[in-house]
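The values are calculated or read from the model by the stated rules, or taken from the named source; none is laboratory data. Because the structure is a prediction, the values reported are computed rather than measured. So basically every Cβ, Gly included, is an ideal-geometry build from the backbone, and we count neighbours across all protein chains shown.
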């Protein structure tokens with residue numbers, strides 16, 4: 001089978017990239033031909049990605065035209081989309097008629113804020129995408145993580161169009177029942193949703209957990225609000241036994257967590 005991956009970046013950076021890389025590597029080892037239509041490079045492990053994705057198509061310039069060109073050149077049997085917010089790319093894929101599969105990594109597809117909780121109360125949002133997102137939640141204006149002006153505009157009309165385009169996919173792959181229910185809440189066909197929890201690579205079978213008076217706790221990952229590092233710190237503050245916690249990572253919530261740690 002010829003399988004064309006589609007992703008907004010090229011190279012290692014976070015969990016979505018790890019998922020794309022590992023699945024493509026395993027599929028390639030099973031004899032499938034793997035290509036990728038991608039955005040800019042991350043500068044991390046790009047050599048490894050070049051080995052896993054021997055046929056590569058960049059999205060610079062006219063992304064719709066580049067998408068059609070990649071489809072014509074690679075002639076995939078199916079397209080496997082990971083993170084891709086460019087609706088010109090999604091529209092071109094839908095119009096191609098090629099079987100489409102989408103890996104749903106987060107809430108970007110159906111949430112204008114992308115994290116599905118109220119900005120002010122931090123309560124989990126259970127609403128489907130609607131005008132409330134723009135008026136009640138104020139999600140038309142969100143934080144700009146790309147640099148420059150601190151805020152950016154998010155179009156409600158574009159978000160509804162994105163949802164409609166993704167409903168055209170032949171399969172939506174999620175990792176939890178919760179994310180499946182979010183898709184159902186936004187009008188996706190239940191018969192086109194598959195739950196596939198990621199299976200980690202096998203580690204060294206001879207390794208065994210060891211415990212000592214040090215009670216070392218290690219967190220390694222992004223330090224952003226949705227990862228719950230603040231909750232970890234608040235929980236550890238209630239622990240009566242001696243322990244040591246090492247947190248490895250970076251993100252826009254790091255300074256806040258450092259301040260919280262000092263306060264606790």
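Among the residues of the stretch 194-210, those identified as surrounded by 10 or more Cβ atoms within 10 Å (Cβ to Cβ) and part of a loop (DSSP other than H, G, I, E, B) are 196, 198. Is there a residue being within 21 Å of the chain's Cα centre (by Cα) and under 26 Å from residue 191 (Cα atoms) anywhere in the stretch 60-79? Yes, some residue in the stretch 60-79 is within 21 Å of the chain's Cα centre (by Cα) and under 26 Å from residue 191 (Cα atoms).
With respect to residue 125, determine if the residue is over 23 Å from residue 18 (Cα atoms), crowded, with 16+ Cβ neighbours inside 10 Å, touching a residue at least 12 places away in the same chain (Cβ under 8 Å) and over 22 Å from the mean Cα position of the chain (by Cα). For residue 125, the condition - over 23 Å from residue 18 (Cα atoms), crowded, with 16+ Cβ neighbours inside 10 Å, touching a residue at least 12 places away in the same chain (Cβ under 8 Å) and over 22 Å from the mean Cα position of the chain (by Cα) - is not met.
Inspection of the stretch 219-236 finds a residue satisfying the criterion of being loosely packed, with under 15 Cβ neighbours inside 10 Å and more than 30 Å from residue 108 (Cα to Cα).
Quick check, is residue 147 without any contact (Cβ under 8 Å) to a residue 24 or more places away in the chain, surrounded by 13 or more Cβ atoms within 10 Å (Cβ to Cβ) and not in a helix (DSSP H, G or I)? It is false that residue 147 is without any contact (Cβ under 8 Å) to a residue 24 or more places away in the chain, surrounded by 13 or more Cβ atoms within 10 Å (Cβ to Cβ) and not in a helix (DSSP H, G or I).
In this structure, residue 110 does not qualify as in a loop (DSSP other than H, G, I, E, B), surrounded by fewer than 20 Cβ atoms within 10 Å (Cβ to Cβ) and touching a residue at least 60 places away in the same chain (Cβ under 8 Å).
In the set 73, 64, only one residue is touching a strand residue (DSSP E or B) at 6+ places or on another chain (Cβ under 8 Å) and either modelled with pLDDT of 95 or more or assigned to a strand (DSSP E or B) (or both); that residue is 73. Restricting attention to the stretch 39-54, the residues that are under 17 Å from residue 3 (Cβ atoms) and either part of a loop (DSSP other than H, G, I, E, B) or touching a helix residue (DSSP H, G or I) at 6+ places or on another chain (Cβ under 6 Å) (or both) add up to 3. With the structure loaded, tell me whether residue 33 is over 19 Å from residue 222 (Cβ atoms) and surrounded by fewer than 20 Cβ atoms within 10 Å (Cβ to Cβ) or whether it fails that test. Taking the combined requirement at face value, the residue satisfies it.
Checked against the criterion of being closer than 27 Å to residue 74 by Cα, touching a helix residue (DSSP H, G or I) at 6+ places or on another chain (Cβ under 6 Å) and surrounded by fewer than 18 Cβ atoms within 10 Å (Cβ to Cβ), the candidates 167, 171 yield just one match: 171. With respect to (1) at pLDDT below 95; (2) touching a helix residue (DSSP H, G or I) at 6+ places or on another chain (Cβ under 8 Å), the lone exception for residue 93 is condition (1).
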